[in-house]
1. Could you tell me which residue of the range 175-202 is surrounded by the most Cβ atoms within 10 Å (Cβ to Cβ), considering only residues that are without any contact (Cβ under 8 Å) to a residue 40 or more places away in the chain and either under 20 Å from the mean Cα position of the chain (by Cα) or part of a helix (DSSP H, G or I) (or both)?
2. Show the residue pairs that are 6+ apart or on different chains and have beta-carbon atoms under 9 Å apart, the first residue being within the range 96-123 and without any contact (Cβ under 8 Å) to a residue 12 or more places away in the chain, the second being assigned to a loop (DSSP other than H, G, I, E, B) and surrounded by fewer than 17 Cβ atoms within 10 Å (Cβ to Cβ).
3. Would it be correct to say that residue 210 is surrounded by 12 or more Cβ atoms within 10 Å (Cβ to Cβ), touching a helix residue (DSSP H, G or I) at 6+ places or on another chain (Cβ under 9 Å), within 16 Å of residue 146 (Cα to Cα) and in contact (Cβ under 8 Å) with a residue 12 or more places away in the chain?
4. Taking the residues in the range 105-131 that are at pLDDT below 95, touching a strand residue (DSSP E or B) at 6+ places or on another chain (Cβ under 7 Å) and farther than 21 Å from residue 178 by Cβ as candidates, determine which candidate is surrounded by the most Cβ atoms within 10 Å (Cβ to Cβ).
5. Taking only the range 126-155 into account, find how many residues are closer than 14 Å to residue 55 by Cα, part of a loop (DSSP other than H, G, I, E, B) and in contact with a helix residue (DSSP H, G or I) (Cβ under 8 Å, 6 or more places away or on another chain).
6. Within the range 79-99, restricting attention to residues that are under 15 Å from residue 146 (Cβ atoms) and not in a helix (DSSP H, G or I), which residue is nearest to the chain's Cα centre (by Cα)?
7. Looking at 160, 172, which one is touching a helix residue (DSSP H, G or I) at 6+ places or on another chain (Cβ under 6 Å) and within 13 Å of residue 55 (Cβ to Cβ)?
8. Of (1) free of Cβ contacts under 8 Å to residues at least 60 places away in the same chain; (2) under 22 Å from the mean Cα position of the chain (by Cα), residue 141 satisfies all except one. Which?
């Protein structure tokens, strides 16, 4: 009888130890899981080589309450060049950079055109809100702009003076009215003496810009980037 009592006590002791071990595992006495490894910061466009810089009136104007989206579509976001730039970015995987002035333009086209003409006459360089970070990581630059007064917005020239594109491959895309590319290519050629500026340029009228996704992405594909 004493023998059976001893066996019973041993069984109770074993069950008690097993229960304690189970409790330790569920109350956090096990070693904590290792922290996840830090992820590297993204650089560039995944390929680290392409920048899509552009100037869009829609991102450089203060909209007045009476702006008509039907008669003035290019000033209502997304603007013509803004849309084109987004499609180039989609096709290339590049980084987008919006060229923006510290003193926005009027949303009335006639008033905007008058200021643009004044800046052109003064050979002005409007101040910008930001510069490109780590420009050295890019070897290809797509530069988009609207035709303003048969040329380029003077803010684009500010951008080129503040961001040296020497040694880089540059492709142009442009939205315009009846003036087409006008003198814009000649102006940019002079502003980019040490870059490789392609003569394969995408341009479309402002009326066609919103329907130009396939056309501009086909253009990008044909460049071999």
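The values are calculated or read from the model by the stated rules, or taken from the named source; none is laboratory data. Quantities reported herein were computed from a predicted structural model and do not represent experimental measurements. Here the Cβ positions follow ideal geometry from the backbone for every residue, glycine too, while neighbour counts run over all protein chains shown.
1. 184
2. From residues that are without any contact (Cβ under 8 Å) to a residue 12 or more places away in the chain, the pairs are 118/124.
3. Yes; evaluated as a whole, the condition is true for this residue.
4. 107
5. Of the residues in that region, 6 qualify.
6. 98
7. The conditions single out 160.
8. (1)
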